[in-house]
Structures are given as C-alpha cells and as structure tokens.
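Notes follow the structure.
The values are calculated or read from the model by the stated rules, or taken from the named source; none is laboratory data. The model shown is predicted, which means the values in this text are computed figures rather than measured ones. Every residue, glycine among them, receives a Cβ derived from its backbone with ideal geometry; neighbour counts consider all protein chains shown.
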Amino acid sequence: MSEGDFTVTVDGTTIDATWVDESPETRRALVDSLPVEGEATRWGDELYFRVPVDVDAEAPRAAVDPGTIAYWPQGSALCLFWGPTPASTDSTPRAASPVNVVARLADTTPLSDLPSGAGATVRITED
C-alpha cells in the first residue's frame, strides 16, 4: 500500500493530497485500483464520481472537514468535500449518507473556483 502523497486532478488543475489512516481497508482498495478517473457530479460543495471499488462501511460518518476525500459505500463513489452540501445544517460539509474517510486535500481553492452546479473530470494518481 502506498504510504505517501498522491494527486487529484480536477479539470486540469492538480491538487496534492495525503492518505489518512481512518479507513485502512477502503484506502487499500482504492490504492489497488489507481489510477481512477471519472466525470464527477457536483452536489453543493462536493464532487463525487464512481470508482471500481466495492467496500463496506468502515468507521463511517456523515459530517467531514473541508478538504476531505471519502468513499461513499452506497454509491461506490469517491467524494471530494470543500464546503456545505444540501445535507449540511451549517458550514460543515455533510455527505448524503455516511462515508469512509481516506484522504485530505492540501488545498480546496481550485474546487471553490468551480462554477456553481458544474461537474468536473477528476483523476487520481499516485506520485
């Protein structure tokens, strides 16, 4: 399993990211499937796209910090959070249903600059 950093590219802009240890089985499954790429859907200040991973809930939670990368077991999707979503009750990002947290983005500014309602192409590769 990769221990270091990786990159997330959103519509041609590359953002550094770092794996976290909160959901190790989910992380392992994602690392084994890299690189992954997809057309992401925007849901408030979240982008999500399907990935070729099928993992059960692992330390799941709905509320996450801005910059969180998480796997959504119900949709077999990877989610990038940077602000409130339609499920949020305040400024905290909240998933539609609990997610497995796997990584953190170093900078969310490029995501904040996406046009409202826009989707994006997302690619994740190891460094």
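Before we move on, is Arg28 under 18 Å from Phe6 (Cβ atoms) and crowded, with 17+ Cβ neighbours inside 10 Å? If you could, list the steps in order and put the result at the bottom.
Values: under 18 Å from Phe6 (Cβ atoms): yes; crowded, with 17+ Cβ neighbours inside 10 Å: no.
Criteria not met by Arg28.
In segment 82-106, how many residues are over 19 Å from Gly117 (Cα atoms), of a type in the set (S, T, N, Q) and touching a Lys or Arg at 6+ places or on another chain (Cβ under 6 Å)?
Number of matching residues: 0.
Looking at segment 67-75, is at least one residue surrounded by fewer than 21 Cβ atoms within 10 Å (Cβ to Cβ), closer than 21 Å to Leu114 by Cα and touching a Leu at 6+ places or on another chain (Cβ under 7 Å)? Walk me through it before giving the result.
Of all residues in segment 67-75, those surrounded by fewer than 21 Cβ atoms within 10 Å (Cβ to Cβ) come to 67, 73-75.
Restricting the remaining residues to those that are closer than 21 Å to Leu114 by Cα gives 67.
After this cut, where a residue has to be touching a Leu at 6+ places or on another chain (Cβ under 7 Å) as well, the list is 67.
For segment 67-75, residues surrounded by fewer than 21 Cβ atoms within 10 Å (Cβ to Cβ), closer than 21 Å to Leu114 by Cα and touching a Leu at 6+ places or on another chain (Cβ under 7 Å): present.
Restricting the first residue to segment 6-17 and requiring it to be small (Gly, Ala, Ser), which pairs with a second residue that is part of a strand (DSSP E or B) meet a Cβ separation below 6 Å and a spacing of at least six or different chains?
Qualifying pairs under 6 Å: Ala17/Phe6; Ala17/Val8; Ala17/Ala103; Ala17/Leu105.
When segment 94-111 is examined, which residues are found to be farther than 18 Å from Gln74 by Cα and either modelled with pLDDT of 95 or more or touching a Gly at 6+ places or on another chain (Cβ under 9 Å) (or both)? If you could, list the steps in order and put the result at the bottom.
Taking segment 94-111 and keeping what is farther than 18 Å from Gln74 by Cα, we get 103-111.
Of everything in segment 94-111, those that are farther than 18 Å from Gln74 by Cα and either modelled with pLDDT of 95 or more or touching a Gly at 6+ places or on another chain (Cβ under 9 Å) (or both) turn out to be Ala103, Arg104, Leu105, Ala106, Asp107, Thr108, Leu111.
Considering only residues that are in contact (Cβ under 8 Å) with a residue 24 or more places away in the chain, outside any loop (DSSP other than H, G, I, E, B) and under 19 Å from Gly67 (Cβ atoms), which ones fall in segment 104-123?
Arg104, Leu105, Pro110, Leu111, Ser112, Ala120, Val122, Arg123
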